[in-house]
1. Quick one: if you stick a label point 7 Å off each Cα along the C-beta vector at residue 27 and residue 57, how many nm between them?
2. Is the shape of region 25-93 rounded, prolate or oblate, going by the alpha carbon gyration tensor and its root eigenvalues a ≥ b ≥ c, with a/c under 1.5 for rounded and a/b larger than b/c for prolate?
3. For a quick check: sort 23, 87 by the number of other beta carbons within 10 angstrom, fewest at the front.
4. In nanometres, what is the gap between the two model label sites at residue 66 and residue 36, each 7 Å from Cα along Cα-to-Cβ?
Amino acid sequence: MTRIDRLTPDRHSTYSLSSSIGHLMIAVLRGLADVERDLIRTAERRSRAKARKRRAEGATLKELAQSYNVGRATISRLAGQAVAIVHRGKMSA
């Protein structure tokens with residue numbers, strides 16, 4: 001992570017966060033944080049979907065855990081979360 005003061009054009013100049021340039025820097029950083037958060041969520045959803053598919057194909061929790069290099073408890077927890085999400089979706093429909 002780069003410190004905000006390292007983003008200035010020259011080492012001796014600094015921008016106040018209350019200035020228009022400071023507001024722009026904060027807005028850009030917030031936007032980057034939003035994109036990163038969305039990417040993480042998308043990766044988690046893909047991982048859950050892949051695990052559900054493999055489980056439906058008959059893979060054991062141990063096999064799934066080994067293929068993702070995680071413990072069986074992690075796979076079990078994610079599978080439980082996926083079931084809860086699906087159940088909530090059916091309840092609202």
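Read-outs: derived from the displayed coordinates by stated rules, not from any lab. The model shown is predicted, which means the values in this text are computed figures rather than measured ones. We place every Cβ from the backbone using ideal geometry, glycine too, and count neighbours over all the protein chains shown.
1. Here the answer is 4.7 nm between the modelled labels.
2. Values: a/c = 3.20, a/b = 1.63, b/c = 1.97.
In terms of gyration-tensor shape, oblate.
3. Ascending Cβ contact count within 10 Å gives the list 87, 23.
4. Distance between the two pseudo-spin positions: 3.6 nm.
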